[in-house]
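Read-outs throughout are calculated quantities, based only on the coordinates presented, and are distinct from any laboratory measurement. Please read these numbers as outputs of a predicted model, since none were measured by experiment. Backbone-built Cβ (ideal geometry, glycine too); neighbour counts: all protein chains shown.
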Amino acid sequence: MSDFMECDRENDFYYIGRSIQSTNNSNAGSSVIPGIATNSSHASEACKDRWSPYGLCSSPPARRKVSPSTFSTATDRFIPCRAPLDTKFSNFLLSNSGDVHDCESSPSRQDYMNTLKQSVLEGQADAMVLPLRPRESADQTRGDSYACFLSSESDHGSLKRRRTTRFIPKSPDKILDAPDLVDDYYLNLLDWSKSNILAVALRQSVFLWNASNGAAHKLMETNGRGNIVTSLAWGDVPSGNTLAVGTHSAEVQLWDVTTGTMIRQMGGHRSRVSSMSWNGQIFSSGSRDSTIHNHDVRAREHQVAELIGHTQEVCGLKWSPQGTQLASGGNDNILNIWESRRNQSRFSIARHQAAVKALAWCPFHSNLLASGGGTADRKICLWNTSNGQCMNEVDTKSQVCAVQWSTHDRELVSSHGFTHNQLILWRYAGRGRVHKVVELTGHQARVLHMAQSPDGTTIVSAAADETLRFWRILGSPTRSAAKLKMEHSSRGLLGANCIR
């Protein structure tokens, strides 16, 4: 008995069997291959010299009856695993190897076809047919233009879950110079309007940058030596033409950016106004004098309430999207939650170990608030404001300067100071849990302020290194929510533009 192996080159798999010596003396020396017909010396004597599928005879050879006791019909068969082989792609190449590709074409058409081939087939158009090796992972063949990608699953009723992948660039989309940006952790000097106008305060001046066309101009400048701008906040109206400006001299000025004129000036605080937030026609301001004032901008006597709940400077202030709750953070490490119809805080929380400046309300959960602490704390806390309980806290290892929720996705962005001066994108997983997606570096000093574009795709960060960096890291909004689209200016390259 001798082993043998025969290869079917056309089908690329193997048959394995054995050569068995018959016990019948009349058939001695003949070999039988189970399952394969062979020429036989026992063919009919009437066979003539003409070709037939069975040899040089006109009829098939007579079959020999083999006793089961003398012959085993068992065979071995190897069927290779074809899962790692790109058979569909190989079939495409073979089916298109005819005259279509041999005909002459113009150089421009050939260039177009090559570009299309590389784009659609991801550079595999000239690959070998049926290479006997596993395919490379798709993630390895995409290149290193993006250093991170985010995968998520969405469930659409009874349909199957659809898995999507979003690539996140780790470098900024644009950089603007911001000379004389004040390096003060307790101030709020950056805001982005619904009409796509970015406002930034540079010492005693306020500059506006139009994100649609790249135009920049100075809106105003304060009077008096040392009277720097300490806070900015766009009006909570669709037109977005009213800008509130807080100053070191304890004043709040309302400006119409369309006409470039100041429409109102409001006092009442005894020290600088370091934080502000709008709630329709109600405007709130927080000061170093530890108080919060609510103003009705329609009334002559504008101050309608004074909220006392801090002992030091109020550096963080945010109204909830529904306008029913106000969150305030102070240099006394206290986080207060206020109700719109009460002048006393509903919850006064002392969990943070440093100043609470970073505050952001979740757009898809009415009672979910994110807060961040300073250098001695370095934590982001997620709060259920219906009962005042902390759902989760995350140690970021860096001073937390600002936080921003994505307006249309379950994501959170935080900016940091010492020790890494980075931005972090977090994925919200529910029940207060967040998972880090990517860290973004590039700033050379602490990232003091952040704002989000009106279309919800871009975060702008302002740092003590006197630069503004635009990070296009958030997903695109749904078609129904995409009312505004930011058009990037074509003026200048990275670092070539200046905000003033």
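Taking the Cα centre of the stretch 170-267 as origin, sum charge times position over the Cβ atoms of Lys and Arg (+1) and Asp and Glu (-1), and report the length of that vector in debye to the nearest 20.
In total the dipole reaches around 120 debye.
Relative to the present Cα-Cα distance, how much length would full extension add between Asn213 and Val237 at 0.36 nm per residue of separation?
6.4 nm
How many angstrom separate the Cα center of the stretch 407-427 from the Cα center of the stretch 277-293?
The stretch 407-427 and the stretch 277-293 have Cα centres separated by 26 Å.
What is the local net charge at Leu243, summed over the other residues whose Cβ is closer than 11 Å to its Cβ (Lys, Arg +1; Asp, Glu -1)?
Numbers: positive: none; negative: Asp191, Asp256.
Once all neighbours under 11 Å are counted, the net charge is -2.
Could you work out how far apart the two model spin labels at Gln110 and Asp177 are, taking each label as a point 7 Å from the Cα in the direction of the beta carbon, and quote it in nm?
Roughly 4.9 nm, to one decimal.
With the crude spin-label approximation of a point 7 Å out along Cα→Cβ, what separation in nm comes out for Ser340 versus Ser90?
6.7
Listing Cys381, Cys362 from the residue with the fewest other Cβ atoms within 10 Å to the one with the most, what is the order?
Cys362, Cys381
Can you tell me what percent of all Cα-Cα pairs in the stretch 174-498 are more than 24 Å apart?
Cα-Cα pairs in the stretch 174-498 separated by more than 24 Å: 50 percent.
Run the numbers on the stretch 174-498 and let me know its relative contact order in percent, using alpha-carbon pairs under 8 Å that are six or more apart.
Relative contact order, the stretch 174-498: 14 percent.
Given the options Thr385, Asn333, Gln422, identify the residue whose Cα lies farthest towards the positive end of the charge dipole of the stretch 174-498 (+1 on Cβ of Lys, Arg; -1 on Cβ of Asp, Glu).
Looking along the dipole axis, the top candidate is Thr385.
What FRET efficiency would be calculated for the residue pair Ala305, Ala350, taking the C-beta separation as r and a Förster radius of 25 Å, to the nearest 0.05?
0.60
So if I restrict to the alpha-carbon atoms in the stretch 404-480, what is the Rg, and what is Dmax, the biggest pairwise distance, in Å?
Looking at the stretch 404-480, its Cα Rg and Dmax stand at 12.6, 40 Å.
Out of residues 5 or more away from His449 or on other chains, whose amide H comes under 5 Å of its own, with H placed 1.01 Å from N in the peptide plane?
Correct list: Ala462.
Could you check the simple spin-label distance between Arg298 and Ile79, using points 7 Å along Cα→Cβ, in nm with one decimal?
Going from the Arg298 label point to the Ile79 one covers 7.7 nm.
Using unit Cβ charges (K, R positive; D, E negative) and no other charged atoms, how large, in debye to the nearest 20, is the dipole of the stretch 174-498 about its Cα centre?
That gives the stretch 174-498 a dipole magnitude of about 660 debye.
Using amide H atoms built 1.01 Å from N in the peptide plane, name the residues 5+ places from Thr467, or on other chains, whose amide H lies under 5 Å from its own.
Excluding prolines and chain starts, which carry no amide H, the hits are Ala178.
Does anything in the stretch 459-475 have its amide N under 20 Å from the 7 Å Cα→Cβ label point of Lys170, and if so which residues?
Correct set: 459-461, 469-475.
So for Phe418, Phe347, Phe283, fewest C-beta neighbours within 10 Å to most, what's the order?
Phe418, Phe347, Phe283
Using the count of nearby Cβ atoms within 10 Å as a rough guide to exposure, how do Ile263, Ile79, Ile175 rank from fewest to most?
Working: Ile263 11, Ile79 7, Ile175 18.
Going from sparsest to densest Cβ surroundings: Ile79, Ile263, Ile175.
Can you compute 3J(HN,Hα) from phi for each residue in the stretch 189-199, using the Karplus curve 6.51 cos²θ - 1.76 cosθ + 1.60 with θ = phi - 60°, rounded to whole Hz and x for Gly and Pro?
The phi angles translate into 10, 9, 7, 10, 7, 5, 8, 6, 10, 9, 10 Hz.
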